[in-house]
There are 2 protein chains.
Amino acid sequence: MLSFTEENYIKAIYHLSDAGQLAVSTNDIALHLQTKAATVTDMIKKLANKDLLAYEKYYGVSLSKKGKNNALSIVRKHRLWETFLVEKLGFQWDEVHEVAEQLEHIQSNLLIEKLDAFLGHPETDPHGHPIPDKNGKVKQIKQFSLSQGKNGHKYIVSEVKDGSATFLQYLAKHDLYPGVTIQIKEILPFDGSMVVQLQNKQKVTLSKATSEKILIKSNE
Amino acid sequence: MLSFTEENYIKAIYHLSDAGQLAVSTNDIALHLQTKAATVTDMIKKLANKDLLAYEKYYGVSLSKKGKNNALSIVRKHRLWETFLVEKLGFQWDEVHEVAEQLEHIQSNLLIEKLDAFLGHPETDPHGHPIPDKNGKVKQIKQFSLSQGKNGHKYIVSEVKDGSATFLQYLAKHDLYPGVTIQIKEILPFDGSMVVQLQNKQKVTLSKATSEKILIKSNE
DNA sequence: ATAAAAGTTTAGATTAATCTAAAAAAAGAA
DNA sequence: TTCTTTTTTTAGATTAATCTAAACTTTTAT
């Protein structure tokens, strides 16, 4: 069984490697976990000894199959807890992250399976991130950035790529959540900002920077 | 903020001292926490420095006001989580303890207040233990042991004094939970065992040892 | 191609929580 | 009361996770 700290390293590496695709550098991990490179070197040696990752001196690490499975289990727990906090306890979606960071380390398969059932086996969390299933399978949705959407077309918001409280609060104010249907009404050529209409007919103007951080999927 | 370990010591001392009434010995704490007396001595020195308890060498410890408040907050969290696990996730009442031992250490006031509201501000957990309120106030119920009940009288089961899985499973099999109304039908003079009738008219014979571990309160 | 910069590792310490073994104090028994 | 037993504390180590400073590798720039 992994310690709290080991789990955090595995999760960080998973995210930084884009779900285990690419190798991750010592400094990236240190930055992400707000710790020092020397500390990271020590820890990745330990994780390498446990066969959770492959480590080549000076060339970073990449997760093993076992490491990826561990990461997926932690991500699953994190996202189920976030869903619980928002759907059942009424948290704002910008308030959930820190608490879920703690809850994801609770060790109990029974708990997580019962929580999953209680939530109705959700496929995505409140930010639109897919929740890995019990076996670590992640359902991939065909999605792309809102900035690539076409004028006049309707889409469903599927995910937001920025978890900062200010950004999430901004979106919340304009009722932009995963699951919401939007239609692109206008794309301004000079700065790439766009006007989108919500279900309730309200229109919002989004800067290019913002529309790049919102992912959408086709309207079926 | 207290560490996981510090919280466990404070909670153990709280329970062993009967809610902070009496002093607790080093050995009792070591036994309860499955650790060594030397370790306990070190830790209580640390907790004494933080003004969580009063420590007199060779004469044990007693919780300070601050220590008691901390303990009550942990107990509150533990019991709210147990209630959640049983009421919302469908855990059996003998399965909840270990998981609640982990959940009680999650740090978030918002979480615990929202959980409390979600559960409808329960006054007792599934074992009938009172849940301290936000301010640490514990509602005391006038209760006594079933073994002291009178023949023919009706009572409500209010608490069970043994948390072992086997005992709880035994009670569950006979539908004996806090909140259930029972009537004493017969008390056998030679061994003190008694026959009680449940709401559904079923009768169960309980040994003296068992009836001593079940607490009851008056039927209003 | 080589020197400077950036990134990484090693060496040596530190802190929290734990342990064993030995010393000291308190409690119980003769 | 004095000796034995039990309980508690102290001393000295250990492990996990962290740090700083120095050494070493790789990358970048001139």
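Mind listing, in residue-number order, the residues in segment B:108-131 that have at least 50 Å² less accessible area with every protein chain present than in their own chain alone (1.4 Å probe)?
Output list: B:Leu111, B:Lys114, B:Phe118.
Residues with beta-carbon under 10 Å from that of A:Ser158, excluding A:Ser158: net charge, scoring Lys, Arg +1 and Asp, Glu -1?
+1
Magnitude of the Cβ-charge dipole of chain A, K/R +1 and D/E -1, about the Cα centre, nearest 20 debye?
So the dipole magnitude of chain A works out to roughly 500 debye.
In segment A:130-205, which chymotrypsin sites (Phe, Trp or Tyr not before Pro) are in a loop and have at most 10 other Cβ atoms within 10 Å, using DSSP for the loop call?
A:Phe190
Just how large is the dipole of segment A:93-184 about the Cα centre, in debye to the nearest 20, putting +1 at every Lys and Arg Cβ and -1 at every Asp and Glu Cβ?
Using Cβ point charges on Lys, Arg, Asp and Glu, segment A:93-184 gives about 580 debye.
What full-extension length gain, to one decimal in nm, is calculated for B:Phe4 and B:Asp94 as 0.36 nm per residue of separation minus the Cα-Cα distance?
Gain on extension, B:Phe4 to B:Asp94, equals 30.1 nm.
Considering only C-alpha atoms, what is the centroid distance from segment A:12-44 to segment B:144-220, in Å?
Taking the Cα centre of each part, segment A:12-44 and segment B:144-220 sit 58 Å apart.
If we hang a label 7 Å off Cα along the beta carbon direction at B:Ser218, how far is it from the matching labels on the other copies, in nm, shortest first?
Result for B:Ser218, in nm, nearest copy first: 7.3.
For a quick check, take a GNM of chain A with Cα springs below 10 Å and name the residue from A:Lys57, A:Lys66, A:Lys77 with the largest mean-square fluctuation.
Maximum fluctuation in the GNM of chain A, among the listed residues, is at A:Lys57.
Place +1 on the Cβ of every Lys and Arg and -1 on the Cβ of every Asp and Glu in segment A:22-160, take the dipole about the Cα centre, and give the residue among A:Gly152, A:Ser62, A:Phe118 whose Cα lies farthest towards its positive end.
Positive-end residue among those listed: A:Ser62.
What gaps in nm, shortest first, separate A:His121 from its twins in the other copies when you place the label 7 Å past Cα toward the beta carbon?
3.8
Over chain B, with a Gaussian network built from C-alpha contacts below 10 Å, which listed residue (B:Thr124, B:Thr35, B:Thr205) shows the highest mean-square fluctuation?
The residue that fluctuates most here is B:Thr35.
Would you mind getting the accessible area per residue of segment A:61-220, heavy atoms of the protein chains only, 1.4 Å probe, in Å²?
It amounts to 50 Å² per residue over segment A:61-220.
Considering chain A as a Gaussian network with a 10 Å cut-off on Cα pairs, which listed residue, A:Gly149, A:Gly136, A:Gly90, attains the greatest mean-square fluctuation?
A:Gly90
Shape verdict for segment A:72-138, please, from the Cα gyration tensor: rounded (a/c under 1.5), prolate (a/b greater than b/c) or oblate.
Here segment A:72-138 falls in the rounded category.
For chain B, what is the mean residue ellipticity at 222 nm derived from helices alone (per DSSP H run of n ≥ 4: -39500 (n - 2.57); sum divided by total residues; nearest 500 deg cm²/dmol)?
Result for chain B: -12000 deg cm²/dmol, rounded to the nearest 500.
Given axes a ≥ b ≥ c from the Cα gyration tensor, I'd like to know whether chain A is rounded (a/c under 1.5), prolate (a/b larger than b/c) or oblate.
In terms of gyration-tensor shape, prolate.
Rounded to the nearest 20 Debye, what is the dipole magnitude of the protein assembly as shown about its Cα centre when Lys and Arg each give +1 and Asp and Glu each give -1 at the C-beta?
Once rounded to the nearest 20, the dipole reads 240 debye.
Can you tally the net charge around A:Glu104? Count Lys and Arg as +1, Asp and Glu as -1, for every other residue whose Cβ sits under 14 Å from the Cβ of A:Glu104.
With Lys, Arg at +1 and Asp, Glu at -1, the neighbours total -3.
What shape does segment B:16-64 have by the C-alpha gyration tensor, where a ≥ b ≥ c are the square roots of the eigenvalues, rounded means a/c under 1.5, and otherwise prolate means a/b greater than b/c and oblate the rest?
oblate
In chain B, what percent of the accessible surface is made up of carbon and sulfur (1.4 Å probe, ligands and nucleic acids excluded)?
Taking all protein chains in place, chain B shows 48 percent carbon and sulfur surface.
So how much accessible surface do B and A hide from each other in total, probe 1.4 Å, in square angstrom to the nearest 100?
Buried area between the two chains comes out at roughly 1600 Å².
If you add up the charges near A:Gln169, with Lys and Arg at +1 and Asp and Glu at -1, over every other residue whose beta carbon is less than 11 angstrom from its beta carbon, what do you get?
So the surrounding residues net to -1.
The values are calculated or read from the model by the stated rules, or taken from the named source; none is laboratory data. Note that the structure is a prediction, hence the values are computed from the model and not measured. Every residue, glycine among them, receives a Cβ derived from its backbone with ideal geometry; neighbour counts consider all protein chains shown. Keep in mind that these areas ignore ligands, DNA and RNA; they rest on the heavy atoms of the full protein, side chains included. Shrake-Rupley method; radii C 1.70, N 1.55, O 1.52, S 1.80 Å.
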